[in-house]
Structures are given as structure tokens and as C-alpha cells.
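The values are calculated or read from the model by the stated rules, or taken from the named source; none is laboratory data. Only a predicted model underlies this, so the values are computations on that prediction, with no experimental measurement involved. All Cβ positions, glycine included, derive from the backbone under ideal geometry; neighbour counts span all protein chains shown.
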Amino acid sequence: MKVLVATEKPFAAVAVNGIRDVIENAGYELELLEKYSSKEELLAAVANADGLIIRSDKVDAEVLDAAKQLKIVVRAGAGYDNVDLAAATSHGVCVENTPGQNSNAVAELVFGMTVMAVRNMYNGTSGTELKDKSLGIHAFGQVGRNVARIAKGFGMKVSALDPYCPDEVMTDAGVEPIHSLEELYKNNKVVSLHIPATDETRKSVGYELISLLPKNGVLVNTARKEVIDEDGLQKALRDRTDIKYVADIRPDNAAELEAEFAGRVFFTPKKMGAQTAEANINAGIAAANQVVAFLRDGIDRFRVNK
Ligand code: 3PG
């Protein structure tokens, strides 16, 4: 049986070695497709794969059609909006993610970008500190919880909104539960986004919420560009010349925003949140173990499709 690791943005070499060990020790063959630049390369490589490990790589109906032997796709990471779940189900393919494995890496980058924003992108002028400032966490999943933990070290006051998370989980972490989106954006100097991209959340953060941020507010997005209404963001940055937006991925209108709001926006060139050796090792090896557990023993504990 063959397991294909298809990563347009490759894992660290040390993680690839770990993945190879897991796959080969199980008696399977590993094929690596890294930094591919066309969908055709992926379509050709999946043709005889039984298992597939990906990151943000798109797995749509066309890829699934081409993957005649495919039984499982594991997204080495948290968000699986890049996989067409319905198409996978109709092709009889199990889809899994590796929840929590890269969340500390993403949470650390939240602070990397937040410090940069409050220090005015290191332009030589006086900025502000994070100590005693308020942080609102929009969605209290694995990344949000790590963000809260680190924020405590900075001495920040932390609150969070998450309709899917019981209040006690927040209060146990020393985080104040908030139940209104408006309050979350109005009362926090820094708001950090951790909602997944779903039909419910796409373009859900726009002008109305962003323009509520208090004076010198910062919106940090290490989630997905799709959750932002980019026209609304642009309008909010135009009306509110004191606020900043920093994101771990370029929005579609990045060039326009950079030209119009120089010094108030920052975007990583590629999604970098999970791009650490540790996160690559954790998520990559978890993915390899999950592929083996499924192909060998039919275990599908982390399945996200029906
Ligand atoms: C995730 O959903 O796990 C993160 O956004 C990381 O994505 P990546 O594997 O493409 O870096």
C-alpha cells in the first residue's frame, strides 16, 4: 500500500523523516510530493495512493476522482475547509484532522504579530505594552486556549466568546466568558480570531464588528482569510485610522490594503502559524499514525466526515 504526503508547503525535514519511519515500519511505501506547483502533479501522484497526508492542500472532487485507490485523507493540522467532505464521503474516503497538534505554534505566532502591531511594526516610534491590556479570544478551541495561557504570561486580561464551549472551560482557565460578539470587539484592545471557515462563519467579521474595536485596537487573524469580509475590513481601516490588522495569510485585497494602510497592516507571505519544527513533527507524525491505524486496523477516531 502507498501513502502519499502531498504538501505544497513542505514539512520540516525532521518531520518528514518521522513520517517515513511510521509509514515504512508499518510495511507501507511512502511517496513525497512537495512544493508542487500545479494540480496536475497532485492528480498524477494520488492515482495509486491508498492513504494521503496533506496540509492546506486542496482535496476536491477532481482529486478524489483521480485517487481510485484512496481510503483515507489526513489533514495534518486543524482546519479541514480545504477538503470537500461531501465528495470524500461519496467516494467512500475517510477524512481526519489532527486536532491540537499544531495549536501552540499558531498561538505563539499570535503574540509574535501582536507585539509587532503594538510596537508600530518596529518603525522606531513608541508603541505600547501588552501588560494590563485586554485580549478577546474569538473561539475558544485548542489554539484559543493556548493563546489564553500565553496571554496570562504577558499580564493581559483575557475574555473569550465561543457558543460551542461551556463557560466553565473558560473560567477554569482564568478567562472571562463573553456572550455577545459586539461586546467582544468593543471591550478588547486586541481581538484574536480562531473561528474555522464554515458556511456559518465565512465573511462573518466585517465593518460592523471591526469598527467597534476600542482606540488603537488590533485585530489578529491566524485563522482563515475567508472569515473576514475584506471590503468591510478596508472600510473599517479607512474610517478608523487608529486600528491595525495583522494576519497570518494574505487577504485577497492585500496589495490594496498594504498600499492604503502602510504601517497598519501586516501579512505573512504564506501561512506560517503551524510552520515550526515542533508543529510539523507533532501534526505530521500524528497524521502518519492515524493513516496506519486506519489502513491496518480500521480505527477512525479523528474522522470528520460521515
Ligand atoms: C491548521 O488549520 O492546522 C493551520 O491553519 C495550519 O495550516 P498549514 O498546515 O497549512 O500550515
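Tallying residues that are away from the ligand (no atom under 16 Å from the Cβ) and either on the phi > 0 side of the Ramachandran plot or modelled with pLDDT under 95 (or both) within the range 260-279 yields 1. Exactly one residue out of Y185, Y164 is surrounded by 21 or more Cβ atoms within 10 Å (Cβ to Cβ), of a type in the set (F, W, Y) and under 23 Å from the mean Cα position of the chain (by Cα): that is Y185. Of all residues in the range 280-302, those being more than 15 Å from the ligand (Cβ to nearest atom) and either at pLDDT below 95 or of a type outside the set (K, R) (or both) number 10. Could you say whether any residue in the range 18-28 is within 24 Å of T268 (Cβ to Cβ) and among the aliphatic types (A, V, I, L, M)? Scanning the range 18-28, I find no residue that is within 24 Å of T268 (Cβ to Cβ) and among the aliphatic types (A, V, I, L, M), so the answer is no. If you filter the range 44-87 down to residues that are basic (K, R) and within 16 Å of the ligand (Cβ to nearest atom), you find that the one that is farthest from F11 (Cα to Cα) is K58.
The residues listed here are K244, K203, K235; of these, the one that is at negative phi and surrounded by fewer than 21 Cβ atoms within 10 Å (Cβ to Cβ) is K235.
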